[in-house]
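Student: Before anything else, here's the structure in question.
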Amino acid sequence: MPKALITGINGQDGSYLAEFLLEHDYEVVGMARRSSTDTMGRIAHIADQLELVQGDLLDQSSVNALIDQHQPDEVYNLAAQSFVPTSWSQPVLTGEVTGLGVTRLLEAIRYVKPDTRFYQASSSEMFGKVQEERQSETTPFWPRSPYGVAKVYGHWITVNYRESHNLFAVSGMLFNHESPRRGLEFVTRKISQHVAQIKLGLTDKLPLGNLDAQRDWGFAGDYVKAMWMMLQQKEADDFVIGTGETHSVREFCEIAFSHVDLDYEEFVVRDERFYRPAEVDVLLANPDKAGRVLGWEPQVDFNSLVTMMVDADLELLRKEHGL
């Protein structure tokens, strides 16, 4: 039975990846930072099948100890300070966790168990001010936030350890991927939750920033399979993962509101607080290499993703409020 260590297992991607690996007969160890509040809601339904351990990417000794104690065959580094707006208010913490945290994991693997296969969660935010219409593995990076800059560091240190220390280390440059498990602070979940609240009479407005920002949005459950596929290859390599389609925040709103027979223009209000200091206008993946080499392609289309999220938030709020 192969053993996998997932950092950030209590996040959206960590929960879907844990489910996927359990279905493929893995022993799954999940690392999460200690918290005084319960942060394990996304994995509560599979908690009895996991080994959950405390660790922190800020602390080299705890990372070393985890690799030494558990001797994982695969490590998926999904832990990060992953909310772009927060990276502007906490740029140093973002750099420490999202950037240097990758190095701490790679160092632990290099010294303790160098045959471990390592997956780094890179991001489309690395492309930022895009240099090509469709972003591929060879598109130059131009990050536009401290988060994007930290992800570029994490990406290149992974490449460096692969080339310098012969580790099986890969980066998945994942474009935006969403689900009903997305954090409430992210714009897609903010929209789906507010749509559900408005439909149920719990609120009457949805404040948003730039409605014209365009993203390549897919379903997180599809994308975690690509992570696993990367670590099953004969040679380590990096891959862009996305749908190859772009949609605006406005389109997301239109579909979400129309799904519950409402007009988004009656409820969405523009709020300057939600504009970025340096905007990323358009992100669009070129996932051709992933399709050709991995045989991966997304299964859930954009409309289905949006309506899935709205339906999930409607069900959640009805249960919470007894509606």
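Student: Quote the relative contact order of the chain in percent (integer), defining contacts as alpha-carbon pairs under 8 Å separated by 6+ residues.
Tutor: Across the chain, relative contact order equals 17 percent.
Student: Can I ask one more? Per residue, how many Å² of accessible area does segment 262-323 show with a 1.4 Å probe?
Tutor: Here the per-residue accessible area is 60 Å².
Student: What Kirkwood radius, in Å to one decimal, follows from the Cα pairs of the chain?
Tutor: Hydrodynamic radius (Kirkwood, Cα only) of the chain equals 20.2 Å.
Student: Using packing as a proxy for protection, rank 215-223, 260-268, 61-69 so that the peptide with the highest average count of other Cβ atoms within 10 Å comes first.
Tutor: Descending packing order for the listed peptides: 215-223, 61-69, 260-268.
Student: Per residue, what volume in Å³ does the Cα convex hull of segment 137-280 take up?
Tutor: On the way: hull volume 17.9 nm³, N = 144.
About 124 Å³ per residue, rounded to a whole number.
Student: Over segment 214-291, what is the mean sequence separation of C-alpha contacts under 8 Å (at least six apart), divided by residue count, expressed as relative contact order in percent?
Tutor: 47 percent
Student: Go ahead and estimate [θ] at 222 nm for the chain from helices alone: -39,500 (n - 2.57) per DSSP H run with n ≥ 4, summed, over the residue count, rounded to 500. Could you put the intermediate results ahead of the total?
Tutor: Working: 10 runs with 121 residues, N = 323.
Rounded to the nearest 500, it is -11500 deg cm²/dmol.
Student: Shifting gears a bit: Under the rule of at least 5 residues apart or a separate chain, name every residue whose amide H is placed under 5 Å from the amide H of Gln214.
Tutor: Amide H to amide H, under 5 Å and 5 or more residues apart or across chains, Gln214 pairs with Val282, Leu283.
Student: Using Cα atoms only, what is the angle between the long axis of helix 220-231 and the major principal axis of the chain, expressed in degrees (0 to 90) to the nearest 10?
Tutor: For 220-231 against the chain, the angle is about 20 degrees.
Student: Given a cut-off of 27 Å, name the pairs among Lys3/Lys234; Lys225/Lys289; Lys234/Lys289; Lys151/Lys319; Lys129/Lys205; Lys199/Lys225 whose C-alpha atoms lie farther apart than that in the structure shown.
Tutor: As for pairs spanning more than 27 Å Cα to Cα, those are Lys151/Lys319; Lys129/Lys205; Lys199/Lys225.
Student: On to the next question. Can you give the accessible area of His321 in Å² (nearest 10), computed on protein heavy atoms with a 1.4 Å probe?
Tutor: 100 Å²
Student: Hey, can you grab everything whose amide H is under 5 Å from the amide H of Leu174? Only 5+ residues off in sequence or another chain; H modelled, so Pro and N-termini drop out.
Tutor: Ser122, Ser123, Ser124, Ile241
Student: Using the basic label-point model (7 angstrom from Cα toward the beta carbon), what is the Ala65 to Glu133 distance in nanometres?
Tutor: Each label point is offset 7 Å from its Cα along the Cβ direction, giving 5.4 nm.
Student: Based on DSSP, what percent of beta bridges with both residues in the chain are antiparallel, to the nearest 5? Intermediate values should be presented prior to the final figure.
Tutor: Working: 2 of 36 bridges.
Bridges in the chain that DSSP calls antiparallel: roughly 5 percent.
Student: Okay, moving on. Once phi is turned into ³J(HN,Hα) by the Karplus curve 6.51 cos²θ - 1.76 cosθ + 1.60 with θ = phi - 60°, what whole-Hz value does each residue of segment 156-170 show in order, with x for glycine and proline?
Tutor: Listing the rounded values in order: 6, 5, 5, 4, 4, 5, 5, 7, 8, 10, 6, 7, 7, 10, 10 Hz.
Student: When the scattering of segment 208-318 is computed by the Debye formula from its Cα atoms alone, each counted once and equally, what is log10 I(q)/I(0) at q = 0.09, 0.16, 0.23 Å⁻¹?
Tutor: The computed values of log10 I(q)/I(0) come out as -0.32, -0.87, -1.24.
Student: So for segment 9-154, averaging the separation of alpha carbon pairs under 8 Å that are six or more residues apart and normalising by length, what relative contact order in percent results?
Tutor: Working: 208 pairs, mean separation 31.5, N = 146.
22 percent.
Student: Which cross-chain or sequence-distant (5 or more) residues have an amide H under 5 Å from the amide H of Arg117, H modelled 1.01 Å from N in plane?
Tutor: For Arg117, the qualifying residues are Glu74, Val75.
Student: Can you run phi through the Karplus equation (6.51, -1.76, 1.60; θ = phi - 60°) for segment 117-123 and list ³J(HN,Hα) in whole Hz, with x for Gly and Pro?
Tutor: Residue by residue, segment 117-123 yields 8, 10, 10, 9, 7, 7, 9 Hz.
Student: Right, another one. Rounded to the nearest 10 Å², what accessible area does Lys319 show when all protein chains are kept and the probe is 1.4 Å?
Tutor: Here the accessible area works out near 150 Å².
Student: At 20 °C and 1.002 mPa s, grab the translational diffusion coefficient of segment 1-122 from Stokes-Einstein with a Kirkwood Rh over Cα pairs, rounded to a whole number in µm² per second.
Tutor: Estimated diffusion coefficient is 148 µm²/s.
Student: With every atom except the alpha carbons ignored, what do you get for Rg and Dmax of segment 177-228, in angstroms?
Tutor: 13.3, 42
Student: Carbon-plus-sulfur fraction of the accessible area of the chain, 1.4 Å probe, in percent?
Tutor: Looking at the chain in its full context, I get 47 percent from C and S.
The values are calculated or read from the model by the stated rules, or taken from the named source; none is laboratory data. Since we're looking at a predicted model, the values are computed, not measured. No Cβ is skipped: glycine too gets one built from the backbone with ideal geometry, and neighbour counts run over all protein chains shown. Surface areas here come from the heavy atoms of the whole protein model, side chains and all, with no ligands, DNA or RNA. Shrake-Rupley method; radii C 1.70, N 1.55, O 1.52, S 1.80 Å.
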